[in-house]
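Everything below concerns the one structure shown next.
Derivation of every value follows stated rules applied to the coordinates shown; laboratory data play no part. Predicted model, so just to flag it, every value in this text is computed and none were measured. As a convention, Cβ positions derive from the backbone with ideal geometry for all residues, glycine included, and neighbour counts pool all protein chains shown.
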Amino acid sequence: MRTVLAALAAWVIIAAPAAAQTQRIRGTIAALDGQTLTVTTREGPAVKIKLDDKYTVGALKKVDIAAIAPGTFVGIAAAPAPGGGWRALEVLLFPEAGRGTGEGHYDWDLAPGTSMTNATVTAAVNSTDGHKVNLNYKSGNIDIVIPDGTPLVTPTQADRSDAKPGAAVLIFATKAADGSLTASRMTVEKDGVKPPM
């Protein structure tokens, strides 16, 4: 249980709304020098992040679509589908310890117009273009189609040695008034599985 909770702590805020002073940074690790992490962002520029002395590292592993079943709690990044509705871009299966994290449906910054829905799966059926799920959250429910080939992941154990140059990384950093960035956790690429959110 301790191992699962440690992995969860390192990534659980990935699928939760960001506070005003929090910045999501997606990119590739360029260097890790002591407590200073340099990330080449997906937008191009490199940024430096000061890591907490006790920073933690988490990773993700693939799961099968069968794991996305009624009763499970998931976080789904989605984009508007042609003709209406939502199509999943990525799906995170929360462990039971993470149930309720960031519950709701809100805007996301994976790409323009995307959303994040953290909710309980109430129904899952095969559809003509993939797998269709109905999600229930505190203020409503939503149907999302999960096309074949959509990344499906759940937390797994990682440690600081996995935070190495060249690895993809997703990190939530706190931005100070002077523009400096600090963080206490990150999610990194491991065994070929990149943090998708």
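Show me, for the stretch 37-43, the HN-Hα J-couplings you get by feeding each phi into the Karplus relation (A = 6.51, B = -1.76, C = 1.60, θ = phi - 60°), rounded to Hz, glycine and proline as x.
Those phi angles translate into 9, 10, 10, 7, 6, 5, 7 Hz.
Using 7 Å Cα-to-Cβ label points, what is the Ala67/Asp53 separation (nm, one decimal)?
Simple spin-label model gives 3.6 nm for this pair.
Place +1 on the Cβ of every Lys and Arg and -1 on the Cβ of every Asp and Glu in the stretch 62-153, take the dipole about the Cα centre, and give the residue among Leu93, His105, Ala69 whose Cα lies farthest towards its positive end.
Of the candidates, Ala69 comes out farthest on the positive side.
Using the Cα centre of the chain as origin and beta-carbon charges of +1 (Lys, Arg) and -1 (Asp, Glu), tell me which of Ala123, Val57, Pro195 is placed farthest towards the positive end of the dipole.
Towards the positive end, the residue furthest out is Val57.
I need the shape label for the stretch 62-153. Rule: rounded when a/c is under 1.5, else prolate if a/b > b/c, else oblate, with a, b, c from the alpha carbon gyration tensor.
Here the stretch 62-153 falls in the rounded category.
For the stretch 108-197, list log₁₀ I(q)/I(0) at each q in 0.20, 0.21, 0.22 Å⁻¹, using the Debye formula over Cα point scatterers of equal strength and ignoring solvent, two decimals each.
Each listed q maps to, in turn, -1.12, -1.16, -1.19.
With +1 on each Lys and Arg Cβ and -1 on each Asp and Glu Cβ, and nothing else charged, work out how big the dipole of the stretch 62-153 is about its Cα centre, in Debye to the nearest 20.
140 debye
Tilt of helix 2-11 relative to the longest C-alpha principal axis of the chain, in degrees (0 to 90, nearest 10)?
Roughly 90 degrees between the two axes.
Is any residue of the stretch 58-88 close enough, with backbone N under 17 Å, to a label point placed 7 angstrom from the Cα of Gln157 along the Cα-Cβ axis, and if so, which?
58-62
Charges only on Cβ, +1 for Lys and Arg, -1 for Asp and Glu: so what's the dipole of the stretch 24-79 about the Cα centre, in debye to the nearest 20?
Roughly 80 debye for the stretch 24-79.
Compute the Rg/Rh shape ratio of the chain: radius of gyration over Kirkwood radius, all on alpha-carbon atoms.
Ratio of gyration radius to Kirkwood radius: 0.97.
To one decimal place, what orientation-averaged projected area in nm² is obtained for the convex hull of the Cα set of the stretch 49-110?
The number I arrive at for the stretch 49-110 is 6.6 nm².
Using Cα pairs under 8 angstrom and six or more residues apart, how large is the relative contact order of the stretch 65-197, in percent?
21 percent
Which whole-Hz ³J(HN,Hα) couplings does the stretch 136-144 yield from phi under the Karplus relation 6.51 cos²θ - 1.76 cosθ + 1.60, θ = phi - 60°, glycine and proline marked x?
10, 10, 3, 10, x, 8, 8, 9, 9
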